[in-house]
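To start, the structure itself, in structure tokens.
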Amino acid sequence: MRDWGAVRVAREAGAELVRAGVAGGGPMRTVIDSRSVGPGDLFVGLVGEHADGGRFAAGGLEAGAWGVLVAPEHAEAIDPALPGAVLASPAPLTSLQALARAWRRELGAQVIAITGSVGKTSTKDILRALLAPQRRVHASRANFNTEIGLPLEILAAPADTEVLVLEMGMRGAGQIAELAAIAEPDVGVITALGEVHLELLGSMDAIAQAKAELVQHVRVAILPAQEPRLWPYLPAALETVFFGEDASWLDGLDLPFTSAHMRANALAAVAAARAVGVQPAGHVDLELSAMRGQVVEHRGVTVVDDCYNANPLSMRAALDDLSSKRPAGRRVAVLGDMLELGPQAVALHRDVGAQAARAGVDVLVTVGPLAAEMAAPFAGEAHVTADAAAAAELVAGLVAPGDLVLVKASRGVRLEAVTEALTR
């Protein structure tokens, strides 16, 4: 938005321009954290769980912000002597979203939106790597996939962006539709359906319906071949591409992984790349987002850092991948609670324990009260710990050179403490 002046920024945001500030161009970036405000920024003061960001508007201007977008009562309280533009909106979040939609249209880029119960971020990372040699691509950061994070990522896209790749998270019915209305995607990817958010939505059919909100907003849908729950929600005129059955799509690609679930993500990414006119080929220079399956070796121990999130589907995929490896030492699985599973939580955790046994795990370490249920069906060496700190202390003294260690749990478990203990 560097070329947009204050008048246009206010108009696109649906805000009142209280004062224009210094004449000239627009903001260089948009931020919502007052602690990170710097020269050239547009600070948007949102109401959070613990604080109203609009209270910090004056501090943003003192830090050199291009301007602030805040509720009217905060705009009125700003000292007129402070430099910078002041925009007032009764709903700053709605204005942030409107501004992002306007910038998306200004870019004229092709937009690919990715959602799914598992594999969203990895698919996004692979797709970015496939597109980069042929297109100027901007992709959202790891967890910027909400009603706040997604518009910030759209606004962060450079003016010369040709393809914009956006991840869309879902916590309940209607949220994907809300995000799609902001991003106006051309291509929609649903990676997979799994037992995630059962606590909120109640059934797999309800999860499928919520994810399928995306296909109502795109011209091309990229869908898993073996997921009939999505079929009732496909518009008749929608161009649909199903992935997962034809592995030849990966021919000619030099991929830095072999696991089945990552290859499935790659198939979805190839289909999305083709949908915007890119035929991927050659070496794929992939950089995965943090804690999404990175392999770290330290003092003879190999750690698979996959602790950003977990659900039954992704747990099974990670254990299958662990089963395919042949380490010099033992297979060790450090598995934590899977959250938001509702009444089925205990049974689903026990299923994971049984899967760990079938996968040839030699040592199982459970983390948290729900994960403790995994130990019941596991016949091998098992250790039950209360939290990530206790698991980190145990595992640091448990593993030995040659061991292969999988670390995985829902985000709320903060299981990166184990990875840090093993690699520091």
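The values are calculated or read from the model by the stated rules, or taken from the named source; none is laboratory data. This is a predicted model, so every value here is computed, not measured. Cβ: placed from backbone, ideal geometry, glycine included. Neighbour counts: every protein chain shown.
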I need a count of the residues in the range 326-343 that are at pLDDT 90 or above and more than 22 Å from His383 (Cα to Cα). 1
Tell me, yes or no, whether the range 289-311 has at least one residue that is farther than 30 Å from Pro401 by Cβ and exposed (fewer than 14 other Cβ atoms within 10 Å of the Cβ). no
Could you identify the single residue in Asp337, Asp387 that is within 21 Å of Gly194 (Cβ to Cβ) and within 27 Å of the chain's Cα centre (by Cα)? Asp337
If you go through the range 188-213 one residue at a time, how many are aliphatic (A, V, I, L, M) and assigned to a loop (DSSP other than H, G, I, E, B)? 3
Restricting to the range 344-370, what's the tally of residues that are over 22 Å from Lys325 (Cβ atoms) and touching a residue at least 12 places away in the same chain (Cβ under 8 Å)? 9
Wholly within the range 1-70, which strands (runs of 3 or more DSSP E) include no fewer than the required count, namely at least 1 residues that are within 17 Å of Ala157 (Cα to Cα) and either in contact with a strand residue (DSSP E or B) (Cβ under 8 Å, 6 or more places away or on another chain) or modelled with pLDDT of 95 or more (or both)? 29-31, 41-44
Name every residue in the range 177-195 that is out of contact with any strand residue (DSSP E or B) (no Cβ under 6 Å at 6 or more places or on another chain), surrounded by 18 or more Cβ atoms within 10 Å (Cβ to Cβ) and not acidic (Asp, Glu), in order of residue number. Leu179, Ala180, Ile182, Thr191, Leu193, Gly194
Given (1) touching a helix residue (DSSP H, G or I) at 6+ places or on another chain (Cβ under 7 Å); (2) of a type in the set (D, E, K, R); (3) more than 28 Å from Glu178 (Cα to Cα), where does Asp246 come up short, assuming only one miss? (1)
Run down Ala359, Ala417, Ala409 and say which single residue is touching an Asp or Glu at 6+ places or on another chain (Cβ under 7 Å), of a type outside the set (Val, Ile, Thr) and under 26 Å from Arg141 (Cα atoms). Ala409
Given the conditions (1) over 17 Å from Gly26 (Cα atoms); (2) in a loop (DSSP other than H, G, I, E, B), report the number of the one that Glu73 does not fulfil. (2)
Tell me which residues, restricted to the range 261-295, are under 21 Å from Ala409 (Cβ atoms) and outside any strand (DSSP E or B). His261, Met262, Asn265, Leu288, Ser289, Ala290, Met291, Arg292, Gly293
